[in-house]
Amino acid sequence: MFKLSENFSRFLQKQEIRTETAKHLLEVADLIAVPGAEIKQVENTLKHYRIDSIDHIKIESIDLLISYAHYILEDGVITETEAYDFEALKRIFRIREGEFLRYRGLDVREILQKEFLRIYSDAFVDRKEELEKVNLQALFDLSYDQFQDIKKDTVISALLDGAHPRDLDIAVLPKGFRVDLGTR
């Protein structure tokens, strides 16, 4: 199986995670946080709770990953290790492309809007923030169009506040938005 970082283990020790996560999912998460854990152990834990497949705890797993996303974004940066952990967890819990938006679209949008406000608030997207946007899109397996649609309002707001499009790391202006680039 995958080797997850200490960061994931620290996340699992947070009081709200310990109290708000279903016991069966918490046992599985604790198990996969241990180096050398095998998928057979996960399957046995699920069987103990009369759960036939990891697919049967999909929504709960997505909720856990949404909580983990909040945790890793507390510092406004997705590290390489955190990105790896998140990808590994998606594979372990068999979360497929589109399922974050399908099952927890409002939560994903809330996370992204918060990050976009931070990224675009100074009307300039630096290299670190460019990479952060790529990581955010990958975190939730969003298509280009989905990602553009979610960030559209924040980009428009930055443009209306006087930001120049070339400073925002955008490929195109949001649909229907026009800007006069005349003298700048």
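Readers should treat all values here as calculations from the given coordinates under stated rules, not as data from a laboratory. Every value quoted in this text rests on a predicted model; they were computed, and no experiment measured them. Note: ideal-geometry Cβ built from the backbone for every residue, glycine included; neighbour counts use all protein chains shown.
When all alpha carbon pairs of the range 102-184 are counted in 5 Å bins from zero, the resulting P(r) reads 3, 14, 28, 26, 16, 9, 3, 1, 0, 0 %.
Between the range 22-70 and the range 86-119, the alpha-carbon centres lie 18 Å apart. Note on the range 1-95: Cα-Cα pairs beyond 21 Å make up 25% of the total pair count.
Neighbours of Glu20 by Cβ distance under 12 Å: Lys/Arg scored +1, Asp/Glu scored -1, total 0. Measuring how big the chain is from its alpha-carbon positions, Rg and Dmax come out at 19.0, 69 Å. Taking the helices alone, the chain has a mean residue ellipticity at 222 nm of -19500 deg cm²/dmol, built from -39,500 (n - 2.57) per DSSP H run of at least 4 residues and averaged over all its residues.
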